[in-house]
Amino acid sequence: MQRYFVAKEQMNDHMVLIHGEDVKHITRVMRMTEGDQIICSNNADRVCLCEIDRFEDDQIVALIVEDLPSDSELPVFVTIAQALPKGDKLDYVIQKGTELGAAQFIPVQGDRSIVKWDGKKEDKRLERLSKIAKEAAEQSHRSRIPSIDSLHSIDQLIARKKEFDYVLFAYEEEGKSGQHKKLANVLAEAKNGVSLLFLVGPEGGFSAAEAKKLTGAGFIPCSLGPRILRAETAPMYILSAISYYFELER
Ligand code: SAM
């Protein structure tokens with residue numbers, strides 16, 4: 001069944017008002033009519049089964065049939081901070097990371113990021129990435145759309161440390177000293193409801209200066225195992241490990 005996200009103010013106790021692109025999708029792509037059912041989420045605390053009641057000029061009115069359980073969110077809030085990778089890999093990270101339950105993405109300008117964002121085009125780029133996240137959230141039956149934050153420097157990311165219960169960075173050098181336990185140790189200690197910020201490097205990895213600065217700021221360097229993962233694979237490993245630990249094993 002098709003799912004749509006609406007702003008909180010578009011959903012009240014009895015009905016949902018659907019606007020914009022979703023109206024086109026429902027009418028032109030899905031060719032739905034009165035009586036057809038859809039699922040709507042207010043991207044916060046409600047997911048409802050709805051029945052299309054009427055089509056108005058620029059909106060669709062759907063009546064709420066019943067509230068549905070929203071159990072498709074990870075029990076912990078995971079923010080993936082991704083040092084800008086090349087090409088369209090960030091699209092991939094956001095699409096797959098959304099399917100795997102990330103709550104937020106923060107693009108980061110790493111020392112070794114080849115890609116440099118043109119400030120003037122950043123808004124357009126973030127809009128496009130948000131659309132990828134919305135579509136992936138609908139496809140994966142999430143009840144929340146992950147947020148995409150603006151581009152951060154490493155220093156700006158470090159300055160936000162206190163917003164999170166745990167701050168970690170994926171650092172393959174950790175593994176070289178046989179240290180593969182830190183991620184498992186953090187997950188074993190973390191309780192449902194905590195927030196974790198996980199920073200992943202670009203194709204060229206973190207510079208020694210970045211690693212020193214991050215460790216000095218209290219970011220936990222974590223091995224993701226003995227193999228070297230691509231920059232776009234590492235976040236998938238992290239989110240899968242967290243999902244397995246909190247959703248399947250417990
Ligand atoms: N040093 C890597 C190499 O030799 O190719 C380059 C970096 S790797 C391609 C991209 C990023 O993925 C790294 O900066 C790190 O954040 C993460 N990563 C990849 N494999 C990892 C591992 N085994 N442990 C921890 N982080 C890893």
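Out of the residues in the stretch 221-249 that are over 16 Å from the mean Cα position of the chain (by Cα), within 11 Å of the ligand (Cβ to nearest atom) and open to solvent by 50 Å² or more (accessible area, probe 1.4 Å), which is farthest from GLY87 (Cα to Cα)? Filtering the stretch 221-249 for residues that are over 16 Å from the mean Cα position of the chain (by Cα), within 11 Å of the ligand (Cβ to nearest atom) and open to solvent by 50 Å² or more (accessible area, probe 1.4 Å), the one farthest from GLY87 (Cα to Cα) comes out as PRO226.
Which residue out of GLN109, GLN37 is touching a residue at least 40 places away in the same chain (Cβ under 8 Å) and surrounded by fewer than 20 Cβ atoms within 10 Å (Cβ to Cβ)?
Values: GLN37 fails: touching a residue at least 40 places away in the same chain (Cβ under 8 Å).
GLN109 is the lone residue from the list that is touching a residue at least 40 places away in the same chain (Cβ under 8 Å) and surrounded by fewer than 20 Cβ atoms within 10 Å (Cβ to Cβ).
Collect the residues in the stretch 117-144 that are assigned to a loop (DSSP other than H, G, I, E, B) and either free of Cβ contacts under 8 Å to residues at least 12 places away in the same chain or among the β-branched types (Val, Ile, Thr) (or both), keeping them in residue-number order. Within the stretch 117-144, ASP118 is the sole residue that qualifies. Within the span defined as the stretch 181-197, one or more residues are of a type in the set (D, E, K, R) and either within 16 Å of the ligand (Cβ to nearest atom) or closer than 20 Å to PHE105 by Cβ (or both).
Restricting to the stretch 202-220, give me the number of residues that are open to solvent by less than 60 Å² (accessible area, probe 1.4 Å), near the ligand (Cβ under 9 Å from one of its atoms) and either among the hydroxyl-bearing types (Ser, Thr, Tyr) or touching a Lys or Arg at 6+ places or on another chain (Cβ under 7 Å) (or both). Working first, answer last.
If we filter the stretch 202-220 for residues that are open to solvent by less than 60 Å² (accessible area, probe 1.4 Å), which is where we start, we get 202, 204-207, 210-211, 214, 217-220.
Now restrict to residues that are near the ligand (Cβ under 9 Å from one of its atoms): 202, 204-206.
Checking the rest, the ones that are also either among the hydroxyl-bearing types (Ser, Thr, Tyr) or touching a Lys or Arg at 6+ places or on another chain (Cβ under 7 Å) (or both) come to 202, 204-205.
Going through the stretch 202-220 one residue at a time, the tally reaches 3.
The values are calculated or read from the model by the stated rules, or taken from the named source; none is laboratory data. Worth saying up front: this structure is predicted, and the values here are computed from it rather than measured. In this analysis, Cβ positions are derived from the backbone assuming ideal geometry, glycine residues included, and neighbour counts consider all displayed protein chains. When the accessible area is computed, the model is the full protein with side chains, heavy atoms only, and any ligands, DNA or RNA have been set aside. Shrake-Rupley method; radii C 1.70, N 1.55, O 1.52, S 1.80 Å.
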